[in-house]
Amino acid sequence: MSGGATFLGMPAFPVNAAAAVQDSQLRYNLRKATHTIRGKRALAVGELPDWTELRRAAKEIKDHTLRNLERYLVRMEEAVTAAGGHVHWAADAEEANRIVADLVKATGETSVVKVKSMATQEIGLNEALELEGITAYETDLAELIVQLGDDWPSHILVPAIHRNRSEIREIFREKMADWGRAAPEDLTDEPRALAEAARLHLRERFLSTRVAISGANFMIAETGTLVVLESEGNGRMCLTLPETLISVVGIEKLLPSWQDLEVFLQLLPRSSTGERMNPYTSTWTGAAEGQEFHLVLLDNGRTDVLADEIGRQALRCIRCSACLNVCPVYERAGGHAYGSVYPGPIGAILTPQLRGTASELDASLPYASTLCGACFDACPVAIDIPEVLVHLRGRVRHPRVERLGMRAAGWVFNRPARLARTQRLGGRLRRFVPGRLPGPLSAWTDTRDIPDIPSESFRDWWDRTDGGVK
Amino acid sequence: MNAAGSRERILSRIRSAVAGAGEVEITRAYRTSPDPAAAAGLVGLLAERVADYRAVVHVVDEGEAAATIAAALARRGATRLVAPDGLPPEWAPGEPVTDDPPLSAAELDRVDGVVTGCAVAIAETGTIVLDTGPGQGRRALTLLPDYHLCVVRAEQIVAGVPEAVGRLDPSRPLTWISGPSATSDIELNRVEGVHGPRTLEVVVIR
Ligand code: SF4
């Protein structure tokens, strides 16, 4: 299933990618998905005249919070406690899983409903609960498809994007009955019919389950408020109906003040699904409406990331998935190749920092990129992903992996079309690079000239000036 | 390791991770108030943006509200309605079900729909925010029934997200609603009403 633990022992990125690019259905689905969302996103972002200022504020708010994380976490703890909630601190996955399992056991229940949460996937919570005799039911439609199909999610936002409608119909027909209400006999592969089957299947679950587990998109230190953005309403079901709510949240999800939400509620939906606003956002503070509320604050490697001056910017990530949708490597390789709940460009920098680079897979991730810079341009919190990739490559010297990886992804560097992108990278790396790239990148620059890196590439100049008109 | 130990461990790791890092000032150069031209057309903008999410929208004068609501409910054949505490009685015709004592989830699941007011509405994004105040009820009331009719008064409409955040009280549980519930998980086809209401109908009183 979808737990982090399952990914252990997976082969390195190039091997996974090589397999994925042979899968034409997967490539077709991914291409359609990434291009559709990319187009919608461009329209939604273009509507806001102050996008640049919002992006700058978001970056600064996140950096300011990370700089003062200790103070704000303590503040968060005080505010949640004052509002009748309970706060727990988990240094690693094992501890977080133990805390959650104990909380569930204390209620006497043996099943929980879950709203899609990457933090709980990261720590392998479902598997840990299973060992304790507790069944965790995923309630997001895509997560349900993934869970019933005994599969892994392949995209942050649309985890089942690798499945088409007839596959989903088969999964529902074969598996739903094992997990609760069976799929209707006459189920077609119409998206509407499939969604209706999921609605009936899950509603029984929502109305009968007394413990829920969630993540959160943001936590507000000033007020102790948690914020969840979603589309389907399964989040609202989990957050409001059960008697006990347990939220497992990475410590980097913090924002200092209530006002800061005004920035992120504009950036996240538009970057993520290309909508002006997602259908549902829920906020709650402590024990709302008489519910028992527990917040588990999760470190699990985040403080190691924080200690890396260049790498720490990855903690700004708000998991919008915009960087996945513009990434040429992700589009060809698919999310599974990254072997982590965090796929795509953000996964390539976050996973090896969170998990370390001991395994072959994790060591190969900093090479799962062409360094084209599209991810940086798309990122609403301005994470310079290429900069972090280069930085991490310096840590894991693995040029062979890079060559294999790029070949596997069908990517040939010396094509003219790639040159523009290479130049942009050059512009970004100017401050590190006198004329020749260091370390593992030297093999790359040794075979081509970078005689004079312009401060701005032609493409960037064109974008900025509308071809000289401005 | 015990939990109290972890708290100290995490906090001390953070302390040493950021030791020596510079302070970061926050620049808020983004828009926080609407341009005056937009402010004049908020009712129209809200109606347009809510309709963009495939919700049904009516813009009416105060005197027409009750009749518009009654007609909408009749069109749907919605007779068993929930009316939260504090809702003006003319907004929920007939004999609506009250939530006092609280209805069970199963009972809520069986009603035809719910009529509510709201706390704030955001024109630019087409979003309605409920804060469980008078005429809105607890969060489950607008979640379990398949139909939600929401009444918005002109003075509750703000231009953008910053104004809404400024007006709202974080100590109350908030539900921000932008159209009916929806999924795009199956080949990116939009399907309404996976778990929340399949239909959102909004009556804006200008
Ligand atoms: S790195 Fe940036 S673009 Fe990618 S998911 Fe995170 S916030 Fe979004």
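The values are calculated or read from the model by the stated rules, or taken from the named source; none is laboratory data. Keep in mind it's a predicted model, so treat the numbers as computed, not measured. Backbone-built Cβ (ideal geometry, glycine too); neighbour counts: all protein chains shown. For the accessible areas, the whole protein counts, side chains as well, though only heavy atoms, and no ligand, DNA or RNA atoms are used. Shrake-Rupley method; radii C 1.70, N 1.55, O 1.52, S 1.80 Å.
Quick check, is A:VAL326 within 13 Å of the ligand (Cβ to nearest atom) and either hydrophobic (A, V, I, L, M, F, W, C) or out of contact with any His (no Cβ under 9 Å at 6 or more places or on another chain) (or both)?
Values: within 13 Å of the ligand (Cβ to nearest atom): yes; either hydrophobic (A, V, I, L, M, F, W, C) or out of contact with any His (no Cβ under 9 Å at 6 or more places or on another chain) (or both): yes.
Yes; evaluated as a whole, the condition is true for this residue.
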*Which of (1) closer than 20 Å to A:LEU226 by Cα; (2) over 25 Å from the mean Cα position of the chain (by Cα) is the odd one out, the single condition A:ALA106 does not satisfy?*
(1)
*Is it the case that segment A:178-186 has a residue that's away from the ligand (no atom under 16 Å from the Cβ), at pLDDT below 90, surrounded by fewer than 17 Cβ atoms within 10 Å (Cβ to Cβ) and assigned to a helix (DSSP H, G or I)?*
yes
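So that you can scan it fast, the table gives a plain yes or no per residue for (1) in contact with a Lys or Arg (Cβ under 9 Å, 6 or more places away or on another chain); (2) open to solvent by 20 Å² or more (accessible area, probe 1.4 Å):
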{"residue": "A:VAL80", "(1), (2)": "no, no"}
{"residue": "A:TRP89", "(1), (2)": "yes, no"}
{"residue": "A:VAL104", "(1), (2)": "no, no"}
{"residue": "A:GLU132", "(1), (2)": "yes, yes"}
{"residue": "A:LEU148", "(1), (2)": "yes, no"}
_Among the listed residues A:HIS64, A:HIS155, identify the single one that is within 12 Å of chain B (Cβ to nearest Cβ) and either free of Cβ contacts under 8 Å to residues at least 60 places away in the same chain or touching a Gly at 6+ places or on another chain (Cβ under 6 Å) (or both)._
A:HIS155
*Mind telling me which of the residues A:GLU292, A:GLU252, A:GLU262 ends up being surrounded by fewer than 24 Cβ atoms within 10 Å (Cβ to Cβ), modelled with pLDDT of 95 or more and within 16 Å of the ligand (Cβ to nearest atom)?*
A:GLU252
*Of the residues A:THR65, A:THR36, A:THR52, which single one is open to solvent by 70 Å² or more (accessible area, probe 1.4 Å), outside any loop (DSSP other than H, G, I, E, B) and either modelled with pLDDT under 95 or β-branched (Val, Ile, Thr) (or both)?*
A:THR52
*In segment B:165-206, what count of residues is obtained for those that are aliphatic (A, V, I, L, M) and more than 8 Å from chain A (Cβ to nearest Cβ)?*
6
*Picking from B:ARG80, B:ARG7, which residue would you name as being open to solvent by less than 60 Å² (accessible area, probe 1.4 Å), without any contact (Cβ under 8 Å) to a residue 40 or more places away in the chain and among the basic types (Lys, Arg)?*
B:ARG7
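For (1) among the small types (Gly, Ala, Ser); (2) farther than 28 Å from A:ALA44 by Cβ, each residue gets a yes or a no:
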site	(1), (2)
B:ASP109	no, yes
B:GLY113	yes, yes
B:ALA119	yes, no
B:THR125	no, no
B:VAL129	no, no
B:GLY135	yes, yes
B:LEU141	no, yes
B:ALA154	yes, no
_Enumeration of residues in segment A:31-53 that are more than 9 Å from every other protein chain (Cβ to nearest Cβ) and not hydroxyl-bearing (Ser, Thr, Tyr)_ = A:ARG31, A:HIS35, A:ARG38, A:GLY39, A:LYS40, A:ARG41, A:ALA42, A:LEU43, A:ALA44, A:VAL45, A:GLY46
*For segment A:234-257, indicate whether the set of residues that are within 7 Å of chain B (Cβ to nearest Cβ), part of a strand (DSSP E or B) and of a type in the set (A, V, I, L, M, F, W, C) is non-empty.*
no
*Could you list all residues from segment B:87-108 that are touching a strand residue (DSSP E or B) at 6+ places or on another chain (Cβ under 9 Å) and in a helix (DSSP H, G or I)?*
B:TRP91, B:GLU107, B:LEU108
*Which of the following residues is farther than 30 Å from B:ILE26 by Cβ and surrounded by fewer than 24 Cβ atoms within 10 Å (Cβ to Cβ): A:THR240, A:THR209, A:THR223?*
A:THR209
*Output yes when any residue across segment A:95-108 is in a helix (DSSP H, G or I), within 11 Å of another protein chain (Cβ to nearest Cβ), at pLDDT 90 or above and touching a strand residue (DSSP E or B) at 6+ places or on another chain (Cβ under 6 Å), and no when none is.*
yes
*segment A:263-306, residues that are without any contact (Cβ under 8 Å) to a residue 40 or more places away in the chain and touching a strand residue (DSSP E or B) at 6+ places or on another chain (Cβ under 6 Å)*: A:MET277
*How do the strands (runs of 3 or more DSSP E) wholly within segment B:109-199 filter down when requiring 2 or more residues that are small (Gly, Ala, Ser) and crowded, with 24+ Cβ neighbours inside 10 Å: which remain?*
none
*Might you check whether a residue that is away from every other protein chain (no Cβ under 14 Å) and either basic (Lys, Arg) or over 21 Å from B:ILE205 (Cβ atoms) (or both) occurs anywhere in segment B:145-163?*
yes
*In segment A:346-371, the residues that are open to solvent by 10 Å² or more (accessible area, probe 1.4 Å) and either within 14 Å of the ligand (Cβ to nearest atom) or among the basic types (Lys, Arg) (or both)*: A:GLN353, A:LEU354, A:ARG355, A:SER369
_Anything in segment A:309-323 that is within 16 Å of the ligand (Cβ to nearest atom) and of a type outside the set (Lys, Arg)? List them, or say none._
A:ILE310, A:GLY311, A:GLN313, A:ALA314, A:LEU315, A:CYS317, A:ILE318, A:CYS320, A:SER321, A:ALA322, A:CYS323
*From the list A:LEU297, A:LEU306, which one is in a helix (DSSP H, G or I), at pLDDT 90 or above, buried (at least 21 other Cβ atoms within 10 Å of the Cβ) and within 14 Å of chain B (Cβ to nearest Cβ)?*
A:LEU306
*Only one of A:ARG199, A:ARG205 that is basic (Lys, Arg), more than 16 Å from the ligand (Cβ to nearest atom) and more than 8 Å from chain B (Cβ to nearest Cβ)*: A:ARG205
*Inside segment A:349-422, counting only helices (runs of 4 or more DSSP H) that do not spill past its ends, which hold 1 or more residues that are modelled with pLDDT under 50?*
A:399-408
*How about segment A:275-289: which of its residues are open to solvent by 10 Å² or more (accessible area, probe 1.4 Å), more than 7 Å from chain B (Cβ to nearest Cβ) and of a type outside the set (Asp, Glu)?*
A:ALA287
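Table: residues versus (1) of a type in the set (Ser, Thr, Tyr); (2) surrounded by fewer than 22 Cβ atoms within 10 Å (Cβ to Cβ); (3) under 26 Å from A:ALA33 (Cα atoms).
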{"residue": "A:ALA101", "(1), (2), (3)": "no, yes, no"}
{"residue": "A:VAL112", "(1), (2), (3)": "no, no, no"}
{"residue": "A:LEU144", "(1), (2), (3)": "no, no, yes"}
{"residue": "A:LEU202", "(1), (2), (3)": "no, no, yes"}
*If A:PRO269 satisfies every condition in (1) within 16 Å of the ligand (Cβ to nearest atom); (2) under 24 Å from A:THR65 (Cβ atoms); (3) in contact with a helix residue (DSSP H, G or I) (Cβ under 7 Å, 6 or more places away or on another chain) but one, which is the exception?*
(3)
_If a residue must be assigned to a loop (DSSP other than H, G, I, E, B) and open to solvent by 20 Å² or more (accessible area, probe 1.4 Å), how many such residues does segment A:309-342 contain?_
4
